[in-house]
Every structure is written in structure tokens, then in C-alpha cells.
Amino acid sequence: MEMDTLPNGNSSAAAPPPTAPAPAPAAAASPSSKLAQLTESLKLEHQFLRVPFEHYKKTIRANHRSVEKEVSSVISGVNEAADSDMSKDDAVQHLTSLVSRLQGLKRKLEDGSRAEHLQAQRCRARLDHLESADAENLAEWNNTRLKRILVDYMLRNSYYQTGMKLAESSNILDLVDIDVFQEAKKVIDALQNREVAPALAWCADNKSRLKKSKSKFEFQLRLQEFIELVRAENHLPAIKYARKYLAPWGASHMKEFQRVFATVAFKGSTEFAVYKVLFEPKQWDYLVDQFKQEFCRLYGMTLEPLLNIYLQAGLSALKTPYPWFSVLYCYEEDCTKEDPLSQENFRKLALPLPYSKQHHSKLVCYITKELMDTENPPQVLPNGYVYSSKALEEMAKRNDGKITCPRTGFVCNYSELVKAYIS
């Protein structure tokens, strides 16, 4: 952590963001250090490859199911025609209808093949993008990654049009997951409109994988449909619905099933808190959150937006439990704005994060924002404020040996300064 000291041991941090260059002059990074940095960056690209690959597999499975269903139906039709004593005209008509179905199947296969090719092309584009990264174009590659992270954030927060425009203008459509999030958007929009049909269809499409992860999202949707029937006082249809769709979940979720089924007796106007909460609008918000979690888990995405993860990683490195190390608790008017933790939004984001482990502190001059070390030692004014020798020498030259504290306006002679030593 970089800081500049205040009187009586107090200070305000002047730490640059994690990606900012060091304030003190330094030699250019060597190719080996850039390569090491690049290697570490690539370790974070798991989601970048996982999402299109999972989408590719899902497309293949959907096409395979569709083909199996159609082929089985056609074979059954042929067997039915062979075993029946239909007339020649009826047989021709029947076979003609089967041919039409096969032609429809061919069109589906062509569409499915194009979709699979598109997904494979996207996987290939991302592999090529990762392979293109090297120490020479690291800045450009990191810039592209930043745009990918911004698009990911926009899509997760329903800014679809903005995310699409950024991806198009940056020519990174194959490097972002717009089509995947548009699939999620249909379900989210429906749930926000209090419709569960698209969400149930999504559960049916991904039934095997949701079952493998022991998800109960479909059960939650069924419970909500039951609650809506009770709210509308359709008690008999609600009971029939429970027998058909909720009873199969009874073995694993009996307590929840019993609690929700009791609403038939208490009705939607109940004042009992344990049942009243089931009729509140926030239950739909809960379903939206549940879907987002299941969706991210299905595609191997992080539950948090990548932008938040990277920001939190940087903020946790800046956050310390001591006010003289960090501006996290600094609310003074002259508090430096260069530290991200001086911003209210960053403070909120950093609040749940652990403190960083700081063995050594770095002193940064309030005036020049340069590092104070043995080459540029700190000097203490009579009023207790500390600045770098370089800054004070330049000030003394401009003002006939006079030093003016920029924070308090205190004036003294350069000869009155006392050199501070860093241990």
C-alpha cells in the first residue's frame, strides 16, 4: 500500500489502481516478466472457453433428440403401413406423408448443422484469440479482454442493446456470449411478467443436467404455479395440479410441499406470516435470482460478473484495517481521489472483502505523487506534515527558500525541515 503521512501518525493513502504504473520511475518491464504476467492472465480464462463449449454440446444434444424423435416416428409409420391392410391409394398417401416428414427432418438437420458449425467456429475463434496473446501485443490483448468483461457485465445486468453495440463496434462478437444471454433473457422477462411456462420449458430442455446437479428450480416453479392457482381461489384445479406435478417431489421436499399445500386452507388473504410470505411479489424476484444461478452453473459461468470479480481482487489488495494505510475510512475534504477507495461505490464493493496483508508500507508524496525512498527521502515540516525532498527543494527554489504547506498554508524556511528516515 502506498501512502503519505499526516501529523500524529495519521495518513491518507494515495494508492494507484492495481493496473496503474508505479509512481516512481522504473525500467520497462522485461519480456520475461510480461510473459509471466500473460501466463497468469490466461489462467483466468476458464469461463471464456467453457461457455461456448457448453453451448456447443447443448446444440448437439438438442439436434440429436430432434432427429431421434422424428426417425422413430417415421419408422413407426412405416411399420404401421406394413402391418395394416390398407388400400394402394391409402398406402401411397401414407408414404407420401412420411416422405414429407423426412423432408422436414432434412431441413431441421441442415439448420442444426449450421447452428453446430456456428458454435464450433466460436470455440475456434476463442482458441485463436488466446493463442494470439504474446508479450508484444499484451496491451492490445488486455484492452480486448477489458471490452469482453464490460460486455459480460452489461449482459448480466440486462443491458443487452448496449452490450451488443459495444461487441459490434469492437469486432468481438465471437468472443462474447450474447446469444447465450439472449436465451436467458426470454426466461427472465417471462418470470418478471409472472409467467413460468418458458422457465419450465428451459428446465425440460436441460432436465438431465439439472437432475445431476440436484437442482430444485423446477420444483420452485411448480410451487409458484400452485400458489397462483390458490391466489385465484381455483382450489380444485390447485389440488389436481399438486397431485400431478408436486407429489413426485414429495419424497425429497416433503416439508416445503406440506407448507405450500396448506395455503389451500389458509388462502391468499391469510395474515399468518409463514404462509403470507408465499403470496408476496418478491417470490418472483427470488425465482429470477434462482434461474440466474442455475443458468450460470449450467454453462460454467461465475455467479458474479467478471467485472466485479476483477474489481474486488484489486480493491482487496488496497483495503487495509488501518486508517493510515487506506482511505477506506477517510472522509476528509482533501482526501486524495486517486485511490479507488475514495469513491463511495468502490467502498461499498470493498466492504465485504477481507483486508490485505501488508508487511511494508510505501510512502507517496502528497505533492508529486512520487515514491519517497532513500533516493527521494521524506522531510518533516514543523507542523508535522511530511513531503518528499524533491518536491520541497523545487518549492524552495521557486520561493526564495520558503516552504508553504499545501494542506494547511503553514509557511516556514527550508532550513527548518527535518529529514525523516525509513527503517
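Structure data summary
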item: For D339: the one exception among (1) under 30 Å from E225 (Cβ atoms); (2) modelled with pLDDT under 85; (3) surrounded by 16 or more Cβ atoms within 10 Å (Cβ to Cβ); result: (1)
item: Pairs where the first residue, in the range 276-297, is open to solvent by 30 Å² or more (accessible area, probe 1.4 Å) and the second is β-branched (V, I, T), C-beta under 7 Å, 6+ apart; result: K276/T270
item: Scope the range 379-423; condition open to solvent by 80 Å² or more (accessible area, probe 1.4 Å) and basic (K, R); matching residues; result: K390, K397, R398, K402, K419
item: Test: L246 is part of a helix (DSSP H, G or I), touching a residue at least 40 places away in the same chain (Cβ under 8 Å), in contact with a helix residue (DSSP H, G or I) (Cβ under 8 Å, 6 or more places away or on another chain) and not β-branched (V, I, T); result: no
item: Meets criteria (modelled with pLDDT under 75 and more than 30 Å from P378 (Cβ to Cβ)) for S33; result: no
item: Where a residue in the range 221-237 is over 14 Å from W249 (Cα atoms) and its partner, wherever it lies, is open to solvent by 60 Å² or more (accessible area, probe 1.4 Å), with Cβ under 8 Å and at least six apart; result: E225/Y245; E228/R194; L229/P237; V230/K267; E233/K267
item: A139 being within 21 Å of L44 (Cβ to Cβ) and hydrophobic (A, V, I, L, M, F, W, C); result: yes
item: N193 vs. criteria without any contact (Cβ under 8 Å) to a residue 12 or more places away in the chain, within 21 Å of P281 (Cβ to Cβ) and open to solvent by less than 70 Å² (accessible area, probe 1.4 Å); result: no
item: Residues satisfying the stated conditions in the range 227-241, i.e. open to solvent by less than 70 Å² (accessible area, probe 1.4 Å), in a helix (DSSP H, G or I) and under 19 Å from R194 (Cα atoms); result: I227, E228, L229, V230, P237, A238, Y241
item: Residue list for the range 306-321, filter: open to solvent by 20 Å² or more (accessible area, probe 1.4 Å) and either in contact with a Leu (Cβ under 6 Å, 6 or more places away or on another chain) or touching a residue at least 12 places away in the same chain (Cβ under 8 Å) (or both); result: L306, L307, N308, Y310, L311, Q312, A313, S316, A317, P321
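The values are calculated or read from the model by the stated rules, or taken from the named source; none is laboratory data. Predicted model only: the values in this text are computed from it and were never measured. For neighbour counting, all protein chains shown are included, and Cβ atoms are generated from backbone atoms with ideal geometry for every residue, glycine included. Just the protein is used for accessible areas: all its heavy atoms, side chains included, with ligands, DNA and RNA removed. Shrake-Rupley method; radii C 1.70, N 1.55, O 1.52, S 1.80 Å.
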